[in-house]
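Structure record follows, encoded as structure tokens.
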Amino acid sequence: QVQLVESGGGLVQAGGSLRLSCAASGRMFSSYYMGWFRQAPGKEREFVAAISWSADYTYYGDSVKGRFTISRDNAKNTVYLQMNSLKPEDTAVYYCARRRYSGSYYVVRDYDYWGQGTQVTVSS
């Protein structure tokens, strides 16, 4: 059974930074793409970033390009999301997820395991 546990969310002022972590249990973490999504109240879940199993490839949503960085440490079974230059519109619950063996890196239904989410609030 795979479990994903996010941490690192909180309240920050606009322009500030936060680093989210996602600790994964279960085997073969290093064999899967991992992704971050977010969901604001009343909105659909939105793709934020994804990283290939070997970290050779990273992908970002248009709204976070140049400000967020995804990384992973396969030895620690952990994926990270460094968020800089935060804006009030980044306020959302952030979810870590594991992608299926195949599929798109930005489509919600192509991810099979999800964490419980961590709240990020950016004040203006």
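Remarks
- Condition check for Arg98 on (1) assigned to a strand (DSSP E or B); (2) among the basic types (Lys, Arg); (3) farther than 16 Å from Tyr113 by Cβ: one failure, at (3).
- Taking the numbered list (1) surrounded by fewer than 17 Cβ atoms within 10 Å (Cβ to Cβ); (2) modelled with pLDDT of 95 or more; (3) in contact with a strand residue (DSSP E or B) (Cβ under 6 Å, 6 or more places away or on another chain) in turn, Gly66 passes all entries but (3).
- Complete set of residues in the stretch 45-61 that are open to solvent by 50 Å² or more (accessible area, probe 1.4 Å) and either assigned to a strand (DSSP E or B) or of a type in the set (Val, Ile, Thr) (or both): Glu46, Thr58, Tyr59, Tyr60
- Sole exception among (1) under 19 Å from Val122 (Cα atoms); (2) among the aliphatic types (A, V, I, L, M); (3) open to solvent by less than 60 Å² (accessible area, probe 1.4 Å) for Ala23, by number: (1)
- Residue list for the stretch 31-44, restricted to those being open to solvent by 50 Å² or more (accessible area, probe 1.4 Å), closer than 16 Å to Trp114 by Cα and either of a type in the set (Gly, Ala, Ser) or under 14 Å from the mean Cα position of the chain (by Cα) (or both): Gln39
- Counting the residues of the stretch 69-92 that are of a type in the set (A, V, I, L, M, F, W, C) and either in contact (Cβ under 8 Å) with a residue 60 or more places away in the chain or open to solvent by 40 Å² or more (accessible area, probe 1.4 Å) (or both) gives 4.
- Within the stretch 11-20, the set of residues being hydrophobic (A, V, I, L, M, F, W, C) and open to solvent by 60 Å² or more (accessible area, probe 1.4 Å) comprises Leu11 only.
- Among (1) touching a Leu at 6+ places or on another chain (Cβ under 9 Å); (2) farther than 19 Å from Gln119 by Cβ, the one test that Ser52 misses: (1)
- Single unsatisfied condition, Ala75 versus (1) modelled with pLDDT of 95 or more; (2) closer than 19 Å to Glu6 by Cα; (3) outside any strand (DSSP E or B): (1)
- Inter-residue pairs, beta-carbon under 6 Å, first within 20 Å of Ala55 (Cα to Cα) and in the stretch 95-124, second among the aliphatic types (A, V, I, L, M) and modelled with pLDDT under 95, 6+ apart: Tyr113/Val2
The values are calculated or read from the model by the stated rules, or taken from the named source; none is laboratory data. For clarity, every value in this text was computed on a predicted model and none was experimentally measured. Note: ideal-geometry Cβ built from the backbone for every residue, glycine included; neighbour counts use all protein chains shown. Each accessible area value is taken on the protein alone, full model and side chains, heavy atoms only, with ligands, DNA and RNA left out. Shrake-Rupley method; radii C 1.70, N 1.55, O 1.52, S 1.80 Å.
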